[in-house]
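Participant: Once you've had a glance at the structure underneath, I'll fire off some questions.
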Amino acid sequence: MNIDRIEFMAWMERIMERFDILMELVSAAKNQHTTIDGEELLDNQDILQILKISSRSLQRYRSSGKLPYYTISGKIYYKLSDVHQFVRESFTAPMSKVKVNG
């Protein structure tokens with residue numbers, strides 16, 4: 001099969017246009033965050049990285065009710081505000097030293 005240069009260039013141009021369309025779609029999907037009621041949802045991997053905890057610890061927080069979660073299509077998500085609240089409640093300020101006269 002013999003293809004002349006003009007036909008080859010036309011094919012390449014169409015292929016490149018399709019790549020550009022795919023790249024735009026991938027970029028849009030990558031930048032889109034899962035939200036519910038306008039609030040960002042985080043998945044297990046996000047939480048593990050943010051809190052720097054093990055998956056077992058995360059499971060324990062879910063089971064104990066300390067960290068609310070939502071199941072959507074079999075996948076677990078956490079509201080960002082719930083995570084912030086969990087961190088605030090879990091944070092304990094260092095005890096100040098009390099002088100005892102004695």
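The values are calculated or read from the model by the stated rules, or taken from the named source; none is laboratory data. A quick note: this is a predicted structure, and the numbers were derived from the prediction, not measured. Side chains are part of the model used for accessible areas, which takes the heavy atoms of the whole protein and leaves out ligands, DNA and RNA. Shrake-Rupley method; radii C 1.70, N 1.55, O 1.52, S 1.80 Å.
Participant: Within region 67-102, how many residues are of a type in the set (D, E, K, R) and either open to solvent by less than 100 Å² (accessible area, probe 1.4 Å) or at pLDDT 95 or above (or both)?
Facilitator: Total satisfying the criteria: 3.
Participant: Output the residues belonging to region 10-43 that are modelled with pLDDT under 90 and not in a helix (DSSP H, G or I).
Facilitator: Answer for region 10-43, where residues must be modelled with pLDDT under 90 and not in a helix (DSSP H, G or I): GLN32, HIS33, THR34, THR35, ILE36, ASP37, GLY38, GLU39, GLU40.
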